[in-house]
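S.K.: Just passing along the structure, written as structure tokens.
A short reminder: the numbers here are calculations on the coordinates, not readings from a lab. The structure presented is a predicted model; accordingly, all values stated were derived computationally and were not measured. Neighbour counts run over all protein chains shown; Cβ positions are idealised from the backbone, glycine included.
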Amino acid sequence: MPQATTRKLGNPPGAEPDAGRQDVGLAEAGALLRIDLGAIRQNYRRLADMLPASGCAAVLKANAYGLGAAAVGSALAREGCCTFFVAHVHEGIALRETLGAGPTIFVLHGLFSGAEPLATAAALTPVLNSPEQLRAWRIAAGRNAPAALQVDTGMGRIGMAPEDFVALTDADFAGLDLRLIMSHLACADEPDNPANGRQLETFIALRGRFEKIPASLANSSGIFLGEAYHFDLVRPGAALHGINPTPGRQNPMAPVVRLHARVIQTRTLPPYSGVGYGHAFHTIGTQRVATVALGYADGWHRRIGGAAWYQGVRLPILGRVSMDSIILDVSALPPGAPRAGELVEMIGPHQDVDAVAEAGGTIGYEVLTSLAERFHRIYAGG
Ligand SMILES: *Cc1c(COP(=O)(O)O)cnc(C)c1O
């Protein structure tokens, strides 16, 4: 059994999650979020083992997909990960403080004008996405400044347009220490989508000029497209955090999060009573309901219908999700259950992150990154 530790009881060294944020104590928390750092390490190992000839980085943008970049980053560093990606400079600065001087930290968005000294001070490596970013970094950072170049091979989001990329001359990156040539796949989670092959071909052609510099194309799902997509470094984020990188097929990753909400109160409502805002649900007969302390302000989107689970019994959500609470149908449970203060499963063995996402018409990424501040967080198995 991995030992569960809470912040109050002391986390593993270097794993102090989200310093500056007030943790919610167990006694007063409306919901408990359990994050299995051991599963994250296992997921890293599983992906790394799929790569005979490539390195495996970790993408920890958005506070490690909402799970706590300090705790997740430390756990992955202990698993041997030495290359990390974040979206913003401030995320990189925080991760550098956690991880110390060793690892490489790439900043996917590159730098906004004026942020160059911050990036230099924290030894961050910007991903330069335009000739302008490249020029500004060369001028601001001086000789041997580390840099990555991103070329857009067909996603249309960020990165240099192919024509700008090929037009770069050696003088444009003179003095820079180019560490990575990268691009990003738009449709990697659809293995049959012909866009993948087109992006791959374009990337092979464009990086040809930089044969000696490591190249990177694949995110989590991209890894599962096969070895041709692996190049020198892969950049999984979602899969490390337990999200299925192969939608429609069985999830090859270990589950990472469990979310339990507390019962505030149970009620017995008479027939034909409206339930919740807008009376979006009406009872037919006498109905027992339980209200739990989790709502859209906690990241449980209003769109997420579905259910909670209690001792193996499914408890459908009735009516609308409120800001701080959800009303559950508990008529399938024996009288007296659940009691106030008890926990119901919102994410866990009965419904994983992807299942909850599907119930809300969204993706696991959005469910995880929406999980809010008001939980009591428990980090296990770091
Ligand atoms: C978010 C992101 C990743 C990680 O993607 P996942 O699908 O979460 O694995 C990799 N590369 C880039 C450029 C990204 O923006």
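S.K.: Give a residue-ordered list of calculated ³J(HN,Hα) values for region 238-250 (Karplus: 6.51 cos²θ - 1.76 cosθ + 1.60, θ = phi - 60°; whole Hz; x for Gly, Pro).
M.R.: 3, 4, 4, 8, x, 6, 5, x, 10, x, x, 10, 4
S.K.: Then there is this: Taking the chain as the reference, fit the longest principal axis to its C-alpha atoms, fit the long axis of helix 37-49 to the helix C-alpha atoms, and give the angle between the two in degrees, 0 to 90, nearest 10.
M.R.: It is inclined by approximately 40 degrees.
S.K.: May I ask you to list the GluC sites (Glu not before Pro) in region 318-377 that are in a DSSP loop and have at most 14 other Cβ atoms within 10 Å of their Cβ?
M.R.: In loop regions of region 318-377 (DSSP not H, G, I, E or B), the sparsely surrounded GluC sites (Glu not before Pro) are 373.
S.K.: Once you place label points 7 Å from the Cα toward the Cβ at residue 28 and residue 265, how far apart are they in nm?
M.R.: In this crude label model, residue 28 to residue 265 measures out at 2.0 nm.
S.K.: Helix 69-78 versus the longest principal axis of the chain: what angle, 0 to 90°, nearest 10, using Cα atoms?
M.R.: Rounded to the nearest ten degrees, it is 60.
S.K.: Return the percentage of antiparallel bridges among DSSP beta bridges fully within the chain, rounded to the nearest 5 %.
M.R.: Counting only bridges with both partners in the chain, antiparallel ones make up about 55 percent.
S.K.: Then there's this: Which of the chymotrypsin sites (Phe, Trp or Tyr not before Pro) found in region 266-364 are loop residues per DSSP with 16 or fewer other Cβ atoms within 10 Å of their Cβ?
M.R.: Within region 266-364, the qualifying chymotrypsin sites (Phe, Trp or Tyr not before Pro) (loop, at most 16 other Cβ atoms within 10 Å) are 272.
S.K.: Filter the GluC sites (Glu not before Pro) in region 195-268 down to the DSSP loop ones having no more than 12 other Cβ atoms within 10 Å, then list what survives.
M.R.: 211
S.K.: Please quote Rg/Rh for the chain to two decimal places, taking the Kirkwood radius as Rh and restricting both calculations to Cα atoms.
M.R.: 1.04
S.K.: Can you give the angle from 0 to 90° between the axis of helix 131-141 and the longest principal axis of the chain, with both taken from C-alpha atoms, to the nearest 10?
M.R.: Once rounded, one gets 80 degrees.
S.K.: For the chain, the longest stretch holding no trypsin sites (Lys or Arg not before Pro) located in a DSSP loop with at most 14 other Cβ atoms within 10 Å is which?
M.R.: 22-142
S.K.: May I pose another question? Which value in deg cm²/dmol, rounded to the nearest 500, describes the helix-derived mean residue ellipticity at 222 nm for the chain, given -39,500 (n - 2.57) per DSSP H run of n ≥ 4 and division by the residue count?
M.R.: Calculated from helices alone, the mean residue ellipticity at 222 nm is -7000 deg cm²/dmol.
S.K.: Suppose every Lys and Arg Cβ carries +1 and every Asp and Glu Cβ carries -1, with no other charges. What dipole size does the chain come out with about its Cα centre, to the nearest 20 debye?
M.R.: 860
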